[in-house]
1. Identify which of 167, 54, 158 has the largest mean-square fluctuation in a Gaussian network model of the chain, with springs joining Cα atoms closer than 10 Å.
2. Springs between alpha-carbon pairs under 10 angstrom, Gaussian network model over the chain: which of 96, 19, 65 fluctuates most?
3. Let me check I have the definition right: for the chain, take the eigenvalues of the Cα gyration tensor, multiply each by 5, take square roots. What are those semi-axes in whole Å, largest first?
4. What residue among 53, 74, 16 has the largest mean-square fluctuation in a Gaussian network model of the chain, using Cα springs under 10 Å?
5. If each residue of separation counts as 0.36 nm, what is the full-extension length gain between residue 9 and residue 132 once their alpha-carbon separation is subtracted?
6. Within region 48-146, report the trypsin sites (Lys or Arg not before Pro) that DSSP leaves as loop and that have at most 11 other Cβ atoms within 10 Å.
7. If a helix is a whole DSSP H run, which ones in the chain reach 18 Å or further along their own axis (Cα) and hold a mean Kyte-Doolittle hydropathy of at least -0.5?
8. Under 8 Å for C-alpha pairs, at least 6 residues apart: give me the relative contact order for the chain, rounded to a whole percent.
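The values are calculated or read from the model by the stated rules, or taken from the named source; none is laboratory data. Remember, it's a predicted structure, so these values are computed and weren't measured experimentally. Counting neighbours? That spans all protein chains shown, and the Cβs are built from the backbone with ideal geometry, glycine included. We work out accessible area using only protein heavy atoms, side chains counted, and drop any ligands, DNA or RNA first. Shrake-Rupley method; radii C 1.70, N 1.55, O 1.52, S 1.80 Å.
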Amino acid sequence: RFLFYHLFSFLIAVGFLLMGLDFMKQSMAQLATLIGIEQLSNVGPCAYLVFGFFVTAVIHSSSAMMMIALSALFSDLISIESAALIIIGADVGTTMTALVGSLKGNAVKKRIGLAHFLINVGTAAMAILILKPLLLVIHNVFQINNLLYTLVAFHSSFNALGVMLFFPFLGIFEKFL
């Protein structure tokens with residue numbers, strides 16, 4: 001009886017999670033059309049980066065920003081490069097919560113918030129520099145042709161590369177913190 005209770009509780013929780021993700025997907029598809037992401041193309045590629053940063057900083061959710069970018073990409077409102085720039089901006093925007101939260105803390109909290117921000121800015125700068133070559137590698141080497149999977153693979157790849165980029169500097173960051 002105890003086992004069935006926990007098993008069914010788990011299954012119900014997973015069901016609600018999947019249902020919630022489906023609701024989020026549907027609502028983000030509508031939100032993507034309301035926000036007018038396609039109008040950013042008139043301003044230039046930097047607009048996508050800034051858009052991703054500010055929207056994520058306001059809504060405090062890079063996952064929701066990813067859903068917006070995926071929905072816009074799926075709806076052919078933006079290109080894969082534009083969606084990638086939104087995600088790069090979202091990665092930096094997500095650090096605003098920690099950075100603002102650390103402002104009222106002691107010196108250690110402020111340094112940790114700043115370090116988190118600087119690591120993401122460095123990773124974002126690297127991602128911008130390798131955006132097109134990394135998308136080509138994902139498409140040609142890993143044979144990922146679905147644009148939605150390509151965006152997810154790009155996001156995971158540039159974050160992994162960011163970890164590798166900062167790994168040699170952990171001693172310096174340790175002393176800083």
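1. 167
2. So, out of 96, 19, 65, the one fluctuating most is 19.
3. Semi-axes from the Cα gyration tensor: 28, 25, 18 Å.
4. The residue with the greatest mean-square fluctuation here is 16.
5. 39.8 nm
6. 104
7. Those that clear 18 Å and a mean of -0.5 are 2-35, 45-59, 80-93, 107-129, 147-166.
8. 19
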